[in-house]
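Accompanying notes for the structure given below.
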Amino acid sequence: MGVYIEDMEMPKEGSWTTVRIYPDGTCAVPNWQGDCTLIKGTKAVPVPPHGRLIDADALIKELAIDDLDDKTGATLLMAVFLEVLKAAPTIIPAEEGE
């Protein structure tokens, strides 16, 4: 199992960040005195075992066909596939604006 830190960005080239993660998901940055400053707006969450992660919304947009009502077998199958894809569990939620 892995860990995902919501709303935290990678450090810029040439820098680094030390992060403490507590069992409740709270994230903090320690200082040289051993104290910690909470990172507001972030939370570490466990990522359950999963298969390949894809952008399902982009796939749905790519597969969308104009007429799902023409009642051909292939079109009905595509409509069912799109509904199953839309109902698939979310492992990591989309970020705002995406």
* On a 0 to 90° scale, report how tilted helix 73-87 is relative to the longest principal axis of the chain, with both axes built from alpha carbons and the result rounded to the nearest 10. => 20 degrees
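Taking only C-alpha pairs under 8 Å that are 6+ residues apart, what is the relative contact order of the chain in percent? Mind showing how you got there, number by number?
Numbers: 83 pairs, mean separation 24.2, N = 98.
Computed value for the chain: 25 percent relative contact order.
Over the alpha-carbon set of the chain, divide Rg by the Kirkwood Rh and report the Rg/Rh ratio to two decimals.
On the way: Rg = 20.3 Å, Rh = 17.1 Å.
The Rg/Rh ratio comes out at 1.19.
All of the numbers you see were taken from the coordinates with simple rules; none came from a lab. Not measured: the values here are computed from a predicted model.
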